[in-house]
Amino acid sequence: MSNNKRITLQQAAEIIKNGSTLTFSGFTIWRRPMAIIYELIRQQRTGLHLIEVNGGSHTEFLVGAGCVGIWESCWVGHELYGKYGANLSRKVGSKEIIVEDYSHAEMMFRFAAGAAGAPYAATQSSLGTDLHNPEYDMLGRAGLRDGKRIPRHKYVFTEDPFYDAGSLVLVPAAKVDIAVICVQQVGEEGTVRVNGQYYSDPEAVRTADITIVMAEEIVPEEYLRRNADQNTIAGFEVNHILECPFGAHPTGMFGRYDVDGAFLKDFYGRTRSQEGFDDFAREWIHGHDQMSYLEKLGWPRMLGLKANTALNYSSRTKKGGK
């Protein structure tokens, strides 16, 4: 068995250079590669271009730290723990970041096209909305549409040539330098097994030039091959792997630990100003590594989040209610 794909958390962040185009695993507050996000902030990465089916807590951390120059997606926030992205909103207001809006469906179509090696996807999603107002082509207004990594057009209208189904909008395939994926298990040779919903992870990987997989545990490939139908991503699609238990915290890892809602709520409440974000980052990110971060959280807190293996969620904390 080959272990030559193994890297450290610090090496994973070093692969991501200033100005890199990135996408991520997961959905809103689930399976986000937060340990790598923290390390990118520590290494003071700048000018990152995020292309996401949807944003989440990881986006808010990177944006608040000044790591992001361009963000293309449809939504960002922390679900019930912070409805919208306060850091992104602040950076847009101060004109420190370019935001390119697409609908959720259009972003998924863009990744599906990229994964298939197609230059664009055809859809009727969002026709008639202001998403297609040329005034809101922000990358075009910034003069960044070079037809290389950034498409020459945000969208193109056409008519269905096959069934006369009416107007279509062509949306460009996503082109990504690096996909950063956070999962429960990865094999020694890169085979990925995601438990629970895998969202758009396969498309993210197949769209990217380089894939980094951070897993709760690295397991023998032979183990994953016993039930190969349960695997999500093939080993040959993965370039680098690392093992990082609790690496998704404060987002959740299905079957392993719940979302740390109290942590996200505190982050949302404290980071509506840049001074608040900087104070939060000094407390939780700078001056830490992953182990000291977990030590600061404390084992009572982490054990409270730990999932019951029969239920796939924690039975130690109250769910729902007022």
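Readers should treat all values here as calculations from the given coordinates under stated rules, not as data from a laboratory. For clarity, every value in this text was computed on a predicted model and none was experimentally measured. Cβ sites come from the backbone with ideal geometry, for glycine too, and all protein chains shown count toward neighbours.
Go through (1) on the phi < 0 side of the Ramachandran plot; (2) out of contact with any strand residue (DSSP E or B) (no Cβ under 6 Å at 6 or more places or on another chain) one by one and return the number of the condition Gly298 breaks.
Against the list (1) on the phi < 0 side of the Ramachandran plot; (2) out of contact with any strand residue (DSSP E or B) (no Cβ under 6 Å at 6 or more places or on another chain), Gly298 comes up short only on (1).
Among the residues of the range 116-144, write down those that are among the aromatic types (Phe, Trp, Tyr) and either assigned to a strand (DSSP E or B) or under 23 Å from the mean Cα position of the chain (by Cα) (or both).
Tyr120
Which condition number does His286 fail, the rest of (1) crowded, with 18+ Cβ neighbours inside 10 Å; (2) under 30 Å from Ser94 (Cβ atoms) being met?
Against the list (1) crowded, with 18+ Cβ neighbours inside 10 Å; (2) under 30 Å from Ser94 (Cβ atoms), His286 comes up short only on (1).
Would you point out the residue of the range 258-279, among those that are in contact (Cβ under 8 Å) with a residue 60 or more places away in the chain and closer than 15 Å to Tyr38 by Cα, that is surrounded by the most Cβ atoms within 10 Å (Cβ to Cβ)?
Phe267
How many residues does the range 28-69 hold that are within 21 Å of Leu294 (Cβ to Cβ), among the β-branched types (Val, Ile, Thr) and assigned to a helix (DSSP H, G or I)?
So the answer is 3.
Please determine whether any residue of the range 185-197 is among the basic types (Lys, Arg) and either at positive phi or within 16 Å of the chain's Cα centre (by Cα) (or both).
The answer is no; no qualifying residue exists.
State which residue is surrounded by the most Cβ atoms within 10 Å (Cβ to Cβ) when the search covers only the range 289-322 and only residues that are assigned to a helix (DSSP H, G or I) and in contact with a Leu (Cβ under 8 Å, 6 or more places away or on another chain).
Looking at residues that are assigned to a helix (DSSP H, G or I) and in contact with a Leu (Cβ under 8 Å, 6 or more places away or on another chain), I get Gln290.
Quick check on this structure: which one of Gly93, Gly69 is more than 25 Å from Val176 (Cβ to Cβ) and without any contact (Cβ under 8 Å) to a residue 60 or more places away in the chain?
From the options Gly93, Gly69, the qualifying one is Gly93.
Among the residues of the range 221-234, which ones are in contact with a strand residue (DSSP E or B) (Cβ under 7 Å, 6 or more places away or on another chain), surrounded by fewer than 20 Cβ atoms within 10 Å (Cβ to Cβ) and more than 8 Å from Val192 (Cβ to Cβ)?
Across the range 221-234, the qualifying residues are Glu221, Gln230.
Being among the hydroxyl-bearing types (Ser, Thr, Tyr) and assigned to a helix (DSSP H, G or I) is the requirement here; does Ser89 meet it?
yes
Hey, among Ala112, Ala105, Ala118, which residue is out of contact with any Leu (no Cβ under 8 Å at 6 or more places or on another chain) and free of Cβ contacts under 8 Å to residues at least 24 places away in the same chain? Outline the logic, then answer.
Working: Ala112 fails: free of Cβ contacts under 8 Å to residues at least 24 places away in the same chain; Ala118 fails: free of Cβ contacts under 8 Å to residues at least 24 places away in the same chain.
Residue meeting the stated conditions: Ala105.
Pairs needed: first member in the range 21-46, closer than 11 Å to Cys182 by Cα and touching a residue at least 24 places away in the same chain (Cβ under 8 Å); second member anywhere, of a type in the set (Asp, Glu) and surrounded by 21 or more Cβ atoms within 10 Å (Cβ to Cβ); C-beta distance under 7 Å; at least 6 residues apart or different chains.
Phe24/Glu52; Ser25/Asp201
Looking only at the range 27-54, count how many residues are out of contact with any helix residue (DSSP H, G or I) (no Cβ under 7 Å at 6 or more places or on another chain) and surrounded by fewer than 24 Cβ atoms within 10 Å (Cβ to Cβ).
Looking only at that region, the number is 8.
Hey, could you check the range 1-26 for residues that are surrounded by 19 or more Cβ atoms within 10 Å (Cβ to Cβ) and either on the phi > 0 side of the Ramachandran plot or in a strand (DSSP E or B) (or both) and say which is nearest to the chain's Cα centre (by Cα)?
This residue is Phe24.
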